[in-house]
Amino acid sequence: MAELDVGPQGSLTIRLEVNGEEAGGAVEGRTTLADFLRDQLGLTGTHLGCEHGVCGACTVLLDSLPTRSCLVLAASADGCRVETVEGLARNGQLSRLQRAMWDNHGFQCGFCTPGFLIQAAALLEDNPTPTEAEVRHALSGNLCRCTGYESIVRGVLAAAEVPEQAGDESP
């Protein structure tokens, strides 16, 4: 990680790649990655639930690893690659994971949706054909108060069965 630029009133200037595009801005040292994404970049798909890293609603990919963005300081993400739920769709088209979740009624209220989608995308990237047990294990750290998880698991398994189409780079 490069040395951070210190701006006015002690703010730090960070630069990172978000959903494939360069982004950056001035942040206070205590600003979380979740707050930076939501408040400064307008990427409100990253939801804040518990703000203690327990619920998983704020999960993003940080250098390809699922990460609770409410627990990461924005300054520590300087120079990193971040993918949010907004980055799953390509060219205005839902990813195969998003389509499978839609088709299987994977979510109800939608608050937990971004975290589950990011966690599932990471799983499918690492393991394109997971078993039901592997899906349940991968998603076990994300909480949903509405669905009972069955439709979410079905959606991930359905996405694993869909062949990747040309130009469909994301799970």
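The values are calculated or read from the model by the stated rules, or taken from the named source; none is laboratory data. Bear in mind that the values here come from a model prediction, so they are computed numbers and not experimental data. Virtual Cβ from ideal backbone geometry, glycine too; neighbours counted across all protein chains shown.
The single condition among (1) of a type in the set (Val, Ile, Thr); (2) touching a helix residue (DSSP H, G or I) at 6+ places or on another chain (Cβ under 8 Å); (3) farther than 20 Å from Ser140 by Cβ that Thr13 does not meet is (2). For segment 131-151, a residue qualifies if it is surrounded by fewer than 16 Cβ atoms within 10 Å (Cβ to Cβ) and part of a helix (DSSP H, G or I), and the qualifying residues are Glu132, Ala133, Arg136, His137, Glu150. Counting residues in segment 142-159 that are among the basic types (Lys, Arg), under 25 Å from Val18 (Cβ atoms) and touching a residue at least 24 places away in the same chain (Cβ under 8 Å) gives zero. When segment 38-79 is filtered for residues that are buried (at least 20 other Cβ atoms within 10 Å of the Cβ), touching a residue at least 60 places away in the same chain (Cβ under 8 Å) and not small (Gly, Ala, Ser), the ones remaining, listed by number, are Thr46, His47, Cys55, Thr59, Leu61. Counting only strands (runs of 3 or more DSSP E) that sit wholly inside segment 18-104, those with at least 1 residues that are outside the structural domain of Thr147 (by TED's automatic domain parsing) and of a type in the set (Gly, Ala, Ser) are 21-27.
Please count how many residues of segment 81-96 are crowded, with 20+ Cβ neighbours inside 10 Å and of a type outside the set (Lys, Arg).
Keep residues of segment 81-96 that are crowded, with 20+ Cβ neighbours inside 10 Å, which gives 82-85, 87-88, 95-96.
Pick out the ones that are also of a type outside the set (Lys, Arg) and you get 82-85, 87-88, 95.
Qualifying residue count for the region: 7.
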